[in-house]
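The values are calculated or read from the model by the stated rules, or taken from the named source; none is laboratory data. All of these numbers come straight from a predicted model, not from anything done at the bench. Accessible surface is based on the protein model in full, side chains and every heavy atom, while ligands, DNA and RNA are left aside. Shrake-Rupley method; radii C 1.70, N 1.55, O 1.52, S 1.80 Å.
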Amino acid sequence: MFYYNQYVRAQSLDEAYELYQKKTNFVLGGMLWLKMKNKTLGTAIDLCDLGLEAIEEDENEFRIGAYVSLRQIETHESLNAYTDGAIAEAVRHIVGVQFRNVATVGGSIWGRFGFSDVMTVFRALGAKVRLHHAGIMDLDEFARLPRTTRDILVEVIVPKNVQSVVYLSQRNQSTDFPVLTCAVAKRDGRYVAVIGASPYMAQPVWDEQGILDAADGQELSDEQIEKFADQVSEHIRFGTNMRAGAEYRKIICKVLVKRAVKQAVGKGIA
Ligand SMILES: Cc1cc2nc3c(=O)[nH]c(=O)nc-3n(C[C@H](O)[C@H](O)[C@H](O)COP(=O)(O)OP(=O)(O)OC[C@H]3O[C@@H](n4cnc5c(N)ncnc54)[C@H](O)[C@@H]3O)c2cc1C
């Protein structure tokens, strides 16, 4: 069972940050992952009075508050128009609608779970996080922060610099944790494939050699797509757990990358 001794509704980010500096205190998200722990903690810090449950948009970016639910990003028209439905596709397999009404974007990113569909799609989109103390950093940098970091995730920022993005995952059974997650995006003219649930945390592999560069007016060939999929699967570290073996994951990786690139080429969003 999971217990805590005190509950505080923080009235400012400063107050939440100060409280969180004590080792036994913790920040509440939707509490869906937290509640599975078997321990007793100190003070639960609730951010619900801090206005973090909105999605804002201007011409340059989307700003998604830490308390926005997975269901909100799944059904947000503009976010899904921009990502051609990739965000909805990334979260729609996660347990069920009632669960997604409660699970937060902040908790999903902060957890840096290896299996995370959410981390995979946001990394492909080149998202950044705003931490109250450390400020804005991209997800690549955030992913490298020590697990002992005690900061408040305020919002996730999605810059509008993506020309196309496709999200695919493989599951043994719908609503189960994924066997592999894959998002391919074209950002600032270059392709990146992000592979998660390998079973390690999502990792980007950029097309640094321009394998997917097409001559003007020419379509990408199957050979180019195959070569990129090979490159991605060679760069990712695969492991074995109860859901799948490393070798199987590597095979699935190639298949998903090929499918995702083909879809991305077929339906540019910018
Ligand atoms: C049964 C089950 C199945 C799942 N399946 C999937 C799946 O298939 N794919 C997938 O992507 N995810 C899956 N998840 C993860 C889920 O989608 C959420 O990511 C997870 O529950 C965390 O979100 P939460 O809002 O419940 O956070 P919580 O459980 O409340 O918090 C998680 C962690 O983040 C910290 N935290 C929360 N908010 C903040 C903040 N603003 N600032 C700093 N720290 C913060 C908490 O202190 C805690 O350490 C699953 C979870 C469960 C329980």
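If you average the C-alpha positions of the stretch 142-220 and of the stretch 1-32 separately, how far apart do those two centres end up, in angstrom?
A separation of 31 Å, based on Cα centres.
Regarding the stretch 3-43, what are the three Cα extents along the principal axes, ordered largest first, in Å?
28, 19, 14
Using a Gaussian network model of the chain with C-alpha springs under 10 Å, which one of 170, 11, 72 is most mobile by mean-square fluctuation?
Maximum among the listed residues: 11.
How large is the helix-only mean residue ellipticity at 222 nm for the chain, computed as the sum of -39500 (n - 2.57) over DSSP H runs with n ≥ 4, divided by its residue count, in deg cm²/dmol to the nearest 500?
Values: 10 runs with 87 residues, N = 270.
Calculated from helices alone, the mean residue ellipticity at 222 nm is -9000 deg cm²/dmol.
Looking at the chain, do any whole DSSP H helices span at least 24 angstrom along their long axis by alpha carbon and average 0.0 or above on Kyte-Doolittle, and which?
Numbers: long enough: 246-266 (30 Å, 0.20).
Helix filter hits for the chain: 246-266.
Averaged across orientations, what area in nm² does the convex hull of the alpha carbons in the stretch 162-266 project?
Numbers: hull surface 26.2 nm².
The Cα convex hull of the stretch 162-266, projected and averaged over all directions, gives 6.5 nm².
My understanding is that a pair violates if its Cα-Cα distance is over 23 Å; which of 160/227; 186/262; 39/128; 160/250; 227/262; 160/186 do that in this structure?
Numbers: 160/227 28 Å; 186/262 12 Å; 39/128 31 Å; 160/250 31 Å; 227/262 13 Å; 160/186 12 Å.
Too far apart for the 23 Å limit: 160/227; 39/128; 160/250.
Where only protein heavy atoms count, and the probe is 1.4 Å, what is the accessible area per residue for the chain in Å²? The partial results should precede the final answer.
Details: 12930 Å² over 270 residues.
Dividing the accessible area of the chain by its residue count gives 48 Å².
In the full protein assembly as shown, how much of residue 240 is accessible to a 1.4 Å probe, in Å² to the nearest 10?
Roll a 1.4 Å probe over it and residue 240 shows about 100 Å².
Roughly to the nearest percent, how much of the accessible area of the chain is carbon and sulfur, given a 1.4 Å probe? Before the final figure, lay out the partial values.
Working: 6130 of 12930 Å².
On the chain, the fraction of accessible area on carbon and sulfur atoms equals 47 percent.
For the chain, how big is the tail of P(r) above 35 Å, as a whole percent of Cα pairs? If you can, show how the numbers build up before the last one.
Values: 6123 of 36315 pairs.
I get 17 percent for the Cα pairs in the chain exceeding 35 Å.
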